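Here's the structure, in structure tokens; my notes come after.
The values are calculated or read from the model by the stated rules, or taken from the named source; none is laboratory data. Note that the structure is a prediction, hence the values are computed from the model and not measured. Ideal geometry is used to build each Cβ from the backbone, glycine not excepted, and the neighbour counts take in all protein chains shown.
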Amino acid sequence: MANVPQQIKLHRKSRELSLHYKDGREHRLPAEFLRVYSPSAEVRGHGRGQEVLQTGKLNVEIIDVKAVGNYALQLIFDDGHDSGIYSWDYLEELADRQSVLWKTYLQRLNEAGASRDPDEQIVTLFDPAAKPH
């Protein structure tokens, strides 16, 4: 059975969601992290290898949190994204793997020549001295 948080707090100023558990544990998850790892098909695709890299989400905010039965949360983001249903198990997985997942996300952004900042565009120029792969 999933470990259900006893209390959930949305911190608007720091743009974080905190989950408080009966055993005293607390997980703080940034809105940007939750947005780029949304469990929605829009982000994850419909199968392995179909994930869509989320860019420009640096300033995204959670504007509403809704309970979905007794098993999950629906997070509503200010960029209009609202289709991710975050199960208790998935939220705990995100919290437990936050450091590794964040590094992976930043690496994918870098490899794609993309940015977290919606006001920034990255252009990679061709280097004629570089050898083809």
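Output the residues belonging to region 1-20 that are closer than 18 Å to residue 89 by Cα and free of Cβ contacts under 8 Å to residues at least 40 places away in the same chain.
1, 6, 7, 9, 18, 20
Of all the criteria given as (1) more than 24 Å from residue 72 (Cα to Cα); (2) surrounded by 11 or more Cβ atoms within 10 Å (Cβ to Cβ); (3) at pLDDT 95 or above, the one not satisfied by residue 102 is (1). Screening residue 60 with (1) farther than 24 Å from residue 110 by Cβ; (2) of a type in the set (Val, Ile, Thr); (3) at pLDDT 95 or above gives one miss only, at (1). From the list 32, 51, 42, the one residue that fits, being surrounded by fewer than 14 Cβ atoms within 10 Å (Cβ to Cβ) and in a helix (DSSP H, G or I), is 42.
Tell me yes or no: at least one residue of region 72-82 is surrounded by 14 or more Cβ atoms within 10 Å (Cβ to Cβ) and among the small types (Gly, Ala, Ser). Yes; the residues of region 72-82 include at least one that is surrounded by 14 or more Cβ atoms within 10 Å (Cβ to Cβ) and among the small types (Gly, Ala, Ser).
When 48, 28 are checked against the criterion of being over 21 Å from residue 114 (Cα atoms), free of Cβ contacts under 8 Å to residues at least 40 places away in the same chain and either among the β-branched types (Val, Ile, Thr) or touching a Ser or Thr at 6+ places or on another chain (Cβ under 6 Å) (or both), 28 stands alone in meeting it. Filtering region 71-86 to residues that are in contact (Cβ under 8 Å) with a residue 24 or more places away in the chain and not β-branched (Val, Ile, Thr) leaves 71, 73, 75, 77, 79, 81, 83, 84, 86.
Among the residues of region 33-43, is there at least one that is charged (D, E, K, R) and either over 26 Å from residue 103 (Cβ atoms) or in contact (Cβ under 8 Å) with a residue 60 or more places away in the chain (or both)?
Looking only at region 33-43, we keep the residues that are charged (D, E, K, R), and these are 35, 42.
Cutting the leftovers down to either over 26 Å from residue 103 (Cβ atoms) or in contact (Cβ under 8 Å) with a residue 60 or more places away in the chain (or both) gives us none.
No: region 33-43 contains no residue that is charged (D, E, K, R) and either over 26 Å from residue 103 (Cβ atoms) or in contact (Cβ under 8 Å) with a residue 60 or more places away in the chain (or both).
Within region 1-29, the only residue that satisfies the criterion of being within 26 Å of residue 109 (Cβ to Cβ), small (Gly, Ala, Ser) and assigned to a loop (DSSP other than H, G, I, E, B) is 14.
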